[in-house]
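The values are calculated or read from the model by the stated rules, or taken from the named source; none is laboratory data. Note that the structure is a prediction, hence the values are computed from the model and not measured. Neighbour counts run over all protein chains shown; Cβ positions are idealised from the backbone, glycine included. With ligands, DNA and RNA removed, areas are computed over all heavy atoms of the protein, side chains included. Shrake-Rupley method; radii C 1.70, N 1.55, O 1.52, S 1.80 Å.
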Amino acid sequence: MDERKILIVEDEVKIAKALQLGLSESGYLVELAFDGIIGKKLFLSHSYDLVILDINLPGINGYELCTEIRKRDQHVPVIMLTAMNTTEDKIEGFDAGADDYMIKPFEFKELLVRIRALLKRTLNQQLPTGNILRVSDLEMNLDSKEVKRGDKKILLTAKEFQLLEYFMRNRNRVVSRADIAESVWGIDFDTQTNVIDVYVNYLRNKVDKGFSGRLIHTQVGMGYMLKEER
Ligand code: CA
């Protein structure tokens with residue numbers, strides 16, 4: 001089975017690292033964010049199988065981050081982790097779209113049981129729609145890696161696929177070349193080259209050319225934006 005990827009957003013570094021260690025030893029791939037803004041950035045540019053969210057976080061808090069996550073993905077399981085344990089706190093968490101709730105201090109074993117249960121649930125959903133990204137008539141299946149516009153299949157290289165996935169996850173938002181470089185090519189990418197523009201043109205030729213309604217738009221001086229033309 002594939003290693004499942006978990007994002008932990010927790011500002012208490014000791015707790016975050018302990019969780020990372022425990023979950024890695026249990027066979028999961030774990031990424032850490034120590035504040036809400038980094039957590040949001042990571043979530044929007046990568047795909048995760050589960051998110052563990054602290055509530056009191058610098059930047060944006062866990063409730064807000066959970067709401068943001070739900071705007072992009074209705075299905076990824078979210079476990080809230082918190083020292084706040086009133087019923088109101090729990091309701092606020094569930095209202096924001098959390099699937100489960102753990103009160104600190106908690107037993108790691110119990111968290112592990114809940115993670116397994118939530119991941120099993122998503123595995124059992126045959127091809128949940130959370131694995132399909134859609135903008136207008138453009139559809140990307142993250143499992144089968146198939147891309148279609150209307151009924152027409154679009155063949156993409158791995159890099160084109162990653163770039164389009166990034167655009168689709170950030171639809172209706174201007175993304176700068178620096179954002180794209182960092183998320184699609186890695187932090188050390190040399191942004192002085194025009195590689196990004198070249199790839200955007202490759203994508204345009206495949207995704208927009210010959211279809212009605214352009215999706216990939218240039219925002220002069222700022223970057224690019226994927227959106228439905230109205
Ligand atoms: Ca905290």
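Numbers at a glance
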| quantity | calculated |
| --- | --- |
| Which numbered condition Ile154 fails, given (1) surrounded by 14 or more Cβ atoms within 10 Å (Cβ to Cβ); (2) free of Cβ contacts under 8 Å to residues at least 24 places away in the same chain | (2) |
| Scope the range 25-35; condition away from the ligand (no atom under 11 Å from the Cβ), open to solvent by 10 Å² or more (accessible area, probe 1.4 Å) and more than 24 Å from Asp143 (Cβ to Cβ); matching residues | Glu25, Leu32 |
| Residues of the range 36-57 satisfying the condition of being in a loop (DSSP other than H, G, I, E, B), farther than 20 Å from Pro105 by Cα and either within 16 Å of the ligand (Cβ to nearest atom) or open to solvent by 40 Å² or more (accessible area, probe 1.4 Å) (or both) | His46, Ser47, Asp49 |
| Total residues in the range 58-77, condition more than 14 Å from the ligand (Cβ to nearest atom) and in a loop (DSSP other than H, G, I, E, B) | 5 |
| First in the range 7-27 and free of Cβ contacts under 8 Å to residues at least 24 places away in the same chain, second anywhere and more than 10 Å from the ligand (Cβ to nearest atom), Cβ under 7 Å, 6 or more apart | Ala16/Ile8; Ala16/Leu32; Gln20/Ile8; Gln20/Val30; Gln20/Leu32; Ser24/Val30 |
| When residues of the range 78-100 are limited to those that are part of a strand (DSSP E or B) and within 15 Å of the ligand (Cβ to nearest atom), the one modelled with the lowest pLDDT | Thr82 |
| Residues of the range 7-24 classified as within 10 Å of the ligand (Cβ to nearest atom) and under 24 Å from Trp185 (Cα atoms), total | 1 |
| Matching residues in the range 58-108 - criterion: being touching a residue at least 60 places away in the same chain (Cβ under 8 Å) and open to solvent by 60 Å² or more (accessible area, probe 1.4 Å) | Arg72, Phe108 |
